[in-house]
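A short reminder: the numbers here are calculations on the coordinates, not readings from a lab. Everything quoted here is computed from the prediction, not taken from an experiment. Here the Cβ positions follow ideal geometry from the backbone for every residue, glycine too, while neighbour counts run over all protein chains shown.
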Amino acid sequence: MQEKVFAYLEANQERAIDLLKELISFESVATPTDDPAAPQGQAVLDCLLCAKRAAEGLGLSTMNLDGHALLIDDTAENDAKIGMLCHLDIVPAGEGWTHKPFAAEIEDGKLYGRGATDDKGPFVSALFALAALKNCGADLKHHVRLIAGTCEETGSADIAYCKEKGVIPPHVFSPDASFPVVNTEKGIARFSLSATLPAGTRLATVRGGEVINMVPQNAHATLSDSTTVTEIGKAAHASTPHLGENAISRLLDTLCERLMDDAAYPVLLAARDLHPLHETDGASLNLKDEEPIAGPLTANLGLIDLTDGVLTLSFDVRYPLNVNEEILRERLAKRLKDTPFALADMNVMPPHHVPEESALVQSLLAAYESVSGKKGYCMSMGGGTYVHDIDGGVAFGTVYPDEDCCIHSPDEFIPVGDLVQNAKIFAASLLRLQEQDL
Ligand SMILES: [Zn+2]
């Protein structure tokens with residue numbers, strides 16, 4: 001059966017490329033609206049309807065779930081055991097492209113466009129994998145549902161909607177990250193520490209960072225004599241803070257040097273010592289920890305702000321499986337006891353983990369190895385894949401180890417050959433899962 005399925009996929013390569021080109025032509029940035037038919041905006045709905053027509057043209061059953069998601073099934077029976085989860089929304093194109101972001105140009109074997117790898121290309125591969133199984137007459141005793149979501153990049157309200165409607169199958173993989181398999185995601189804690197500055201300080205304004213989940217690239221302060229202090233760092237994602245250079249930590253260093261005689265000096269010193277420059281393991285917050293599955297805790301000081309005399313530091317901490325909210329609160333309380341800072345608020349998203357021994361993970365790893373010829377293994381990420389809130393779900397592809405497809409950056413692309421190879425990996429995975437007791 002697998003040979004027949006692979007032959008179908010190879011024969012349909014041009015059709016898959018054409019569909020990807022068409023999907024990329026939609027500037028489907030999720031933009032919430034009051035229109036009940038298009039909850040994420042017209043462009044997202046148009047892209048969803050394009051995918052729906054393509055799925056029907058391949059002989060699959062479809063259902064538009066109120067514009068929040070597209071459901072594509074091998075049968076109309078509505079009893080799928082296995083799910084594949086992709087998304088049709090994209091991040092904005094941004095600046096700096098050398099190819100047109102919505103033209104899907106092919107050059108040197110790469111198809112360029114926003115969404116090529118994140119996540120329209122993987123959607124096309126998943127769609128053709130399912131179509132191949134159906135059209136080759138594979139015996140799908142465990143039915144399969146492909147879900148195409150509409151707002152992964154803006155908080156995944158689509159997943160909440162799908163959960164509420166009960167449409168997510170029990171065994172789900174999501175080709176919206178990297179190969180081989182991501183089965184562990186760290187917990188994410190976001191919290192703010194605040195301290196009141198004493199009267200008489202020369203510090204007038206302090207601002208740094210754009211969003212809490214990035215290492216801040218810019219931070220600046222002004223003094224009462226209108227002097228300004230500006231520091232530049234290097235941006236990176238908060239889950240990999242060691243790849244960045246924290247502009248806020250630099251700013252605090254500089255302010256501590258320049259305001260030694262200022263009333264605010266003790267507060268600035270305490271702030272600096274909570275997150276020293278180049279420290280990313282949370283040691284100075286008393287949060288350092290590590291276990292072998294998810295790896296070490298990471299800490300990023302993402303935002304700083306001075307409003308009405310209150311200095312606020314906002315952190316994004318990614319924590320391993322042996323830590324929880326209670327532990328974090330306890331350790332922070334101990335650390336902050338003799339400082340001017342207090343915990344202002346904390347939001348926690350617990351870690352996500354699916355055992356490596358599970359039938360799902362083992363089937364995916366085996367299919368990946370046999371099709372790609374590369375070694376299969378499980379990985380941990382700093383958190384936040386599309387399946388973070390789906391029990392038993394794992395991320396599976398499609399960026400290969402040592403590959404960089406410029407996701408969220410200019411000139412995002414997918415190697416054209418990956419479209420069919422990834423479809424083969426998904427089809428082989430679905431075939432292997434048929435043999436499992438699910
Ligand atoms: Zn994505």
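For the stretch 355-416, the square roots of the Cα gyration tensor eigenvalues, ordered a ≥ b ≥ c, give a/c of at least 1.5 with a/b no greater than b/c, which places it in the oblate category. Global dimensions of the stretch 216-255 from alpha-carbon coordinates: Rg and Dmax equal 11.4, 38 Å. In summary, the helical segments of the chain meeting the span-like criteria, namely a full DSSP H run, a Cα extent along the axis of 15 angstrom or more and a mean Kyte-Doolittle hydropathy of at least 0.5, are 42-57, 121-135, 359-372, 416-434. Cross-link partners of K81 among aspartates and glutamates, defined as those whose alpha carbon lies under 17 angstrom from its own and excluding same-chain residues fewer than eight positions apart: D73, D139, D391, E435, D437.
Among the listed pairs K52/K424; K288/K374; K52/K374, those whose Cα-Cα separation exceeds 29 Å are K288/K374; K52/K374.
What number comes out for the charge environment of N286, summing +1 per Lys or Arg and -1 per Asp or Glu over other residues with Cβ under 9 Å away?
So the environment of N286 carries a net charge of +4.
Anything over 19 Å Cα to Cα? Flag those among K21/K100; K141/K375; K120/K163, in the order listed.
Distance filter (> 19 Å) returns K141/K375; K120/K163.
For the chain, what does the helix formula give at 222 nm: sum of -39500 (n - 2.57) over DSSP H segments with n ≥ 4, over the residue count, nearest 500 deg cm²/dmol? Roughly -9500 deg cm²/dmol at 222 nm, from the helical runs in the chain. With a cut-off of at most 14 other beta carbons within 10 Å, and DSSP calling the residue loop, which chymotrypsin sites (Phe, Trp or Tyr not before Pro) in the stretch 327-411 qualify? Please list them. Sparse-neighbourhood loop chymotrypsin sites (Phe, Trp or Tyr not before Pro): Y377. Taking Cβ atoms as reference points and 14 Å as the exclusive limit, the residues near A199 contribute a net charge of -1, counting Lys and Arg as +1 and Asp and Glu as -1. For the stretch 230-259 versus the stretch 171-226, the spacing of their alpha-carbon centroids is 11 Å. Taken one residue at a time, the phi angles of the stretch 291-303 give Karplus couplings (6.51, -1.76, 1.60, θ = phi - 60°) of 9, x, 7, 8, x, x, 5, 10, 10, 10, 8, x, 9 Hz. Gly and Pro are set to x. Scanning the chain for GluC sites (Glu not before Pro) in DSSP loops with at most 11 other Cβ atoms within 10 Å, what's the longest stretch left with none? Of all site-free stretches, the longest is 96-356. Between E369 and D411, the modelled label-to-label distance comes to 3.6 nm, taking each label 7 Å out from Cα in the direction of the beta carbon.
Shown here are the Rg and Dmax of the Cα trace of the chain, at 24.1, 79 Å.
Stretched out straight at 0.36 nm per residue, the stretch from I232 to M63 would grow longer than its current Cα-Cα span by 56.0 nm.
Quick check on the exposure proxy: order T150, T201 from fewest to most C-beta atoms within 10 angstrom.
Numbers: T150 28, T201 19.
In order of increasing Cβ crowding within 10 Å: T201, T150.
Here the stretch 187-349 is treated as an ellipsoid with the same Cα gyration tensor; its semi-axes, largest first and in whole Å, are 27, 17, 12. The local environment of F26, defined by Cβ-Cβ distances under 12 Å, has a net charge of -1 under the rule Lys, Arg +1 and Asp, Glu -1.
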